[in-house]
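See structure below.
Nothing in this text is a laboratory measurement; each read-out follows from the coordinates by a stated rule. Predicted, not measured: the structure shown is a model, and the values here were computed from it. Neighbour counts are summed over all protein chains in view; Cβ atoms, including those assigned to glycine, are modelled from backbone coordinates with ideal geometry.
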Amino acid sequence: MGNFVCIEISADQTLDRIIRCLRGKGYIRNLKKNLRALQRKMEDLRATQHELQNRVAREVETPHRQSLEAVQVWLSRVERIDIQFNGLLSTSPAELQKLCFCGLCSKNVSSSYKYGEKVFLLLEEVKILESEGNFKVVTELTPTSGVEERPTQPTVGQDRMLEKAWNRLMEDEVGIMGLHGMGGVGKTTLFKKINNKFAEIADRFDVVIWVVVSQGAKISKLQEDIAEKLHLCDELWKNKNESDRAADIHRVLKGKIFVLMLDDIWEKVDLEAIGVPFPTRENGCKVAFTTRSRDVCGQMGDLEPMEVKCLKWNEAWELFQNKVGGKTLSSDIIEQAKKVAK
């Protein structure tokens, strides 16, 4: 009798389990079918993704063209969906083993229900993404206002240096240019004026990127500053490692004629590690930087860097008077003022 009672209870539990499975939304009984459909749809989605990436890559090779933001958002969503799919696929063998009664029920109803629900919902997302991925146009002309002008104050004695530095940077043979000099000599001010002159020739370059490097700057921080200018810095991008970030930056910049302005570098900046294509005569790109060290200029590839020197005496005296104010410099202190200025 004891054995008979145990069998009867087990049969009741099994019957109750089957009824609950059949009354549900079909997450369990349709698990195999939904999983196969999800795999097929992901194959189609990946094919669309690769085709779209290739179209964008071909078109951005044309000067002054950039990927549409809607295309980048769609591609980012596909990457996120792909990660979720791979997670579900890796646990599918264990989940399928839980099925019983020809797939109508599960040995662990709660676990299989949750897994089946995830598969179903992801399948719906993939279908929506696939329907939204039919882009007739994938790129657009880059804005001509790619230069963010930097505020500067009137200066003395920098006009000749500005003209000399600008002319050298604009030479076709010059891809990298360094400005070196002691701290406080006016490198950053001169650098800002060079940056602002790019606004006068906005049609020549697609984008001008200004980055303050400073001592101890990490590659990840430089990548983030550049990515913000290129509209790459979304939540998905922030979770990538430095290598993947570099690949994203390189993918965008290789299709642009860019200028990268690096202010206050203390050691060699590894452009390749960041993802910045090396500037050449062929691609027409420019990298300019300021540093206190002439040696750093050589390490960066500029063997004939320009030195920003201290002002000449007459220029220094003019600057001193401008800062102090002419009325302050009365005749009885003028000689002492000149000593201070020297």
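Scanning the stretch 267-277 for residues that are touching a strand residue (DSSP E or B) at 6+ places or on another chain (Cβ under 8 Å) and closer than 12 Å to residue 301 by Cβ returns 269, 271.
Considering only the stretch 58-98, state which residues are among the hydroxyl-bearing types (Ser, Thr, Tyr) and either part of a helix (DSSP H, G or I) or surrounded by 14 or more Cβ atoms within 10 Å (Cβ to Cβ) (or both).
Restricting attention to the stretch 58-98, the residues satisfying the condition of being among the hydroxyl-bearing types (Ser, Thr, Tyr) are 62, 67, 76, 90-92.
Matches in the stretch 58-98: 67, 76, 90, 91, 92.
Rundown of residues vs (1) under 30 Å from residue 69 (Cα atoms); (2) touching a residue at least 12 places away in the same chain (Cβ under 8 Å), yes/no style:
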| residue | (1), (2) |
| --- | --- |
| 166 | no, yes |
| 192 | yes, yes |
| 198 | yes, yes |
| 201 | yes, no |
| 213 | yes, yes |
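Residues in the stretch 255-309 that are without any contact (Cβ under 8 Å) to a residue 24 or more places away in the chain and in a loop (DSSP other than H, G, I, E, B): 282, 303, 304. Quick one: is residue 206 surrounded by fewer than 18 Cβ atoms within 10 Å (Cβ to Cβ) and either of a type in the set (D, E, K, R) or free of Cβ contacts under 8 Å to residues at least 12 places away in the same chain (or both)? The answer is no for residue 206.
Residues are listed down the side, and each one gets a yes or a no for (1) farther than 24 Å from residue 178 by Cβ; (2) within 15 Å of the chain's Cα centre (by Cα):
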| site | (1), (2) |
| --- | --- |
| 225 | no, yes |
| 241 | yes, yes |
| 255 | yes, yes |
| 264 | no, no |
| 277 | no, yes |
| 281 | no, no |
| 286 | no, no |
| 291 | no, no |
